Amino acid sequence: MTTKEHQSKHYEFKAEVKQLLNILVHSLYTNREIFLRELISNASDALDKLRFESNRGTEIDESELPLEIVIELDEKSNTITITDTGIGMTEEEIITNIGTIAKSGSAEFIKQLSESKAEANNIIGKFGVGFYSVFMVAEKVELKTRSYKKDSASYLWISDGLGNYEIKEIEESAQRGTSIKVFLKDDSKEFTQKYRVEEIIKKHSNFVSFPIKIGDNRVNTVAAIWREPKSSVKKEQYNEFYKFLSYDTEEPLEVIHKSVDAPIQFNCLLFIPSKNIDIFGFNREDYGLDLYVRRVLIQHKNKDLLPEYLSFVKGVVDSEDLPLNISRETLQENLIFTKISNSVTSQVLNTLEKISKEDKEKYNIFWEQHGKIFKVGYGDYANREKYMELLRFDSSNNFKNKELTSLSEYVSRMKPDQKEIYYLFGASREALAMDPHLEIFRRKGIEVLYLTDPADEFIMSSLFKYKDYDLKSVDQADLNKLDNLNDVEQSEKKVEDLSKDDELQLTSLLSKMKEYLGDKVTEVKVSGRLQDSPACLVNTDNTMSSSMQKIMSIVNKDTAVPKKILEINRDHSLVRNMLKVFKSNPNDEFIKDATDQLYESSLLLEGYLSDPHKLVARINKLLTESSEWYSKLKNI
């Protein structure tokens, strides 16, 4: 380097840069720590470029220098200096890289940034302008740089971010690479504190592949193991990284480590936790995968890489193809990101499918811990087939408390002529087992899925079909189809057939019952589904099951009781006794009491009886009367 005096050259930033700097200097004060992330990202990029040149045989000046990023903190002078031994810049490159926003769309960028000041973290760098974020904290910036090319000159770039900058060739030879000295504003002194800077590095840049040092101490000590070949990573390393990432104290249930090269290139390391940490649902929005671009954290807990029903998955995705600086808004529009998201979703579903086939015990643990949120996936049409295979249900065929069945297992047990998969919604397995609607299914030996989670009803209503089989609520079942199937269970009670006269009297009794109930029901008729119960209510609307009807009533805040059909079991002892009383006296008070009781008992089972006082009073009355008859009968 010669000893001549070099003249400073003064430049003005381009108009769009001036606008940007004005916003950064005067308006944006939220999340200012991102300036350090951006400068470290630029330093990492410069080191990557140098390594590329070296690998292709280019002659590198000062080739013995270690590839690293060094940060110096000076509390007295209120400065922070970030130095890399990367590719460096020539004078022309300084003007190109720092003096202008090189990419198109700068006007739109400025507009978005000025309108979304609170979202600076997501917008900074959208058009490759991450360096300028330094002026959120800087009164002045001095940048020294020297290119990797032999005999390159050293340059000093200085700016206060107010519209101008100067470039000067400096006499002393700078080290290869770039050193950025940031003279901090008075309100930014926190960035001279070692603990604060370490905190920022560990949050945003912990997995940068080059050492990041403060003094002689390396800060980014956790290895980016997702970049390593799967065969070289030990189980202990996976467990350690999972605990670092999730703060969970237990090992993960499953590890998914994939490296994808085509059609896009990315690495992912995902974990399925062994337990649902958010059992009370207080942190429903606290989910997402960490998105890296070439080991640099771009977004913490990105919620778009996986659909919400897979939000229990923890992990990282690292892309080679995404721009280093990209905002949330741009991500959602980015075709590469969409492909990565689709691929990551498939990886998770494929892994779950494999577990379900090869290790049922492990899959049962998964379902017990994460099944509730997984059910929300009924709207994922792109992955519907995989999703349906992974669903699990309780069933009338499950004789063990925790035993569950899949739809494919249900189909394997279906009757030869059965074309529908039947289900019933209720409060519990015990309650469902006693539901009158199930009596014909027990008689025919037809399996019924037991749904006890409100989400199950939405799943069935949304899916409609599984393969060639319709999903059908038992109260929507076509009894004609069931009648064609042979009975496997016979009633132990032998009931005499009704005479022709009794048949006519029964028709009159049903009419009388309808008269008593009035508009509460649409019809009173003989049931073809009941065997043990005296009566039940049946939905008249075949397009919506009773349980879905109930859910929609709650959603719409409609407290009205829907009108249904009251079906009567003609062979039940109570109904036969009612018929005897009716034949003796059609207007006997017992007929009315029994009718009201059957209706309200059925209403209670359906979950629509809001006021039980009349029902309880009537039961007490009937019990009192029956106890008197019983005592007389027994001569007590």
Classified through the alpha carbon gyration tensor (a ≥ b ≥ c as square roots of its eigenvalues; rounded if a/c is under 1.5, else prolate when a/b is larger than b/c, else oblate), segment 391-483 comes out rounded
Span-like helices, the chain: DSSP H, alpha-carbon axial extent 24 Å or more, mean Kyte-Doolittle -0.5 or greater, which ones?
34-55, 335-358, 589-606, 613-633
Note on segment 225-365: contact order normalised by length, alpha-carbon pairs under 8 Å, 6 or more apart, percent, works out to 21 percent
Cβ-based charge dipole, the chain, positive-most Cα from 477, 244, 579
579
Fewest-first ordering of 561, 293 by Cβ atoms within 10 Å yields 561, 293
Among 59, 198, 38, which comes first, second and so on when ranked by fewest other beta-carbon atoms within 10 Å?
59, 198, 38
7 Å from Cα along Cα→Cβ at both residue 581 and residue 18: what's the point-to-point distance in nm?
9.6 nm
222 nm [θ] for the chain, helices only, -39500 (n - 2.57) per DSSP H run of 4+, per residue, to 500?
-11500 deg cm²/dmol
Rounded to the nearest 5, what is the percent of antiparallel bridges among the DSSP beta bridges in the chain?
75 percent
Report which label in (i) 37.7; (ii) 40.0; (iii) 29.2 holds the value of mean projected area of the Cα convex hull in nm² derived from the coordinates of this structure.
(ii)
Sort 204, 613 so the one with the fewest other Cβ atoms within 10 Å of its own Cβ comes first.
613, 204
Suppose a student asked you for the relative contact order of segment 391-483, using Cα pairs under 8 Å spaced at least 6 residues apart; what percent would you report?
34 percent
Is the shape of segment 355-422 best called rounded, prolate or oblate, per the rule: a/c under 1.5 gives rounded, else a/b larger than b/c gives prolate, else oblate, with a ≥ b ≥ c the square roots of the Cα gyration tensor eigenvalues?
oblate
A 22 angstrom limit on the alpha carbon distance is what I want to check against. Which of 467/563; 525/592; 580/621; 258/375; 258/354 exceed it?
467/563; 258/375
With +1 on the Cβ of every Lys and Arg and -1 on the Cβ of every Asp and Glu, the dipole magnitude of segment 377-497 about its Cα centre, in debye rounded to the nearest 20, is 340 debye
Could you grab the relative contact order for the chain? Cα pairs under 8 Å, six or more apart, rounded to a whole percent.
9 percent
Listed residues 135, 200, 344: farthest to the positive end of the dipole of the chain (Cβ charges)
344
Packing-ranked peptide list from 73-85, 172-184, 247-259, highest mean Cβ count within 10 angstrom first, is 172-184, 73-85, 247-259
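Every number here is computed from the coordinates shown, using simple stated rules; none is lab data. Because the structure is predicted, anything quoted here is derived from the model rather than measured. All Cβ positions, glycine included, derive from the backbone under ideal geometry; neighbour counts span all protein chains shown.
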